[in-house]
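Read-outs: derived from the displayed coordinates by stated rules, not from any lab. Keep in mind the model is a prediction, meaning the values are calculated, not measured. Backbone-built Cβ (ideal geometry, glycine too); neighbour counts: all protein chains shown.
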Ligand SMILES: [Zn+2]
């Protein structure tokens, strides 16, 4: 089937009470791993590419690889999403390329490092929403600033530096009309999220719940939500890797989020770890091997395993065929005639 609207995918997830993993890709094998996991679990899919991925693979390669996935798996709805767009121009170029969804991360200035003001964030996000909705494209915004750096994008520092304020989240949703809202609740990008098992002092689930209470129909997004499981770290280190001990976001916390309005969960690091561990194992055990397929095949299988597990844990498994995806043109009409609302429902404090 053609690539579908992320808005529709998330609206359906809200109806079904589940979350949808958004997995980052840079190359063909990662796309294949996601699609095989989706087929295995009968899941709708969000495939996302960061600016770094678009540079690494080149836009046209990525677009056509994802298009190939949509041809090869006609029963799986796929939304193609720009992760962390840093400017109107980045989002516009993604839309013109054929992405069906973009994130405008206006929480940072266009340099992708310096936190912006609230007014700057509203202004650039609103501009992207106007441009995107006219074309039937979904927009994710961000309020509050995530910790860490990924692919050169991020303010660095701890995830606790700029936690989302629930009142600001309400105002932001009302003034921008975004379809999905990324919030900062203490998570960070990359592998080194927490130096101990996270508890209520580092992961602000109470803030997430407070935001969901005020914005009960807004699709919330958790970034930096790899769980960084110890078994994946161990495989890397067992075969010559040097990862320092680290903790990610426990799956139970993500599931608590899903019960409180989280519909999109970004996962990248876990897949990177699975791939690297599998490649290291082959090269360590069989140093005579030199055919890339000898290690890329196990790498792809290792990632598929992680993705299928997350799809099951997030609840999207079994839901690929629940609905008939609308065309992007029909989604554009829906935004225009108001049947796809861009005004959030706001509950009193
Ligand atoms: Zn992110």
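Observations
- Some residue of the stretch 117-127 being surrounded by fewer than 18 Cβ atoms within 10 Å (Cβ to Cβ), free of Cβ contacts under 8 Å to residues at least 24 places away in the same chain and part of a loop (DSSP other than H, G, I, E, B): yes
- Screening residue 102 with (1) assigned to a loop (DSSP other than H, G, I, E, B); (2) within 16 Å of the ligand (Cβ to nearest atom); (3) within 27 Å of residue 28 (Cα to Cα) gives one miss only, at (1).
- Of the residues making up the stretch 257-277, just one is surrounded by fewer than 20 Cβ atoms within 10 Å (Cβ to Cβ), more than 20 Å from residue 30 (Cβ to Cβ) and in contact with a helix residue (DSSP H, G or I) (Cβ under 6 Å, 6 or more places away or on another chain), namely 260.
- Residue in the stretch 218-227 that is crowded, with 16+ Cβ neighbours inside 10 Å and within 30 Å of residue 285 (Cα to Cα) present: yes
- Taken together, 340, 283 contain a single residue that is part of a loop (DSSP other than H, G, I, E, B) and touching a residue at least 12 places away in the same chain (Cβ under 8 Å), which is 340.
- Boolean, residue 29 is away from the ligand (no atom under 16 Å from the Cβ) and more than 23 Å from residue 275 (Cβ to Cβ): no
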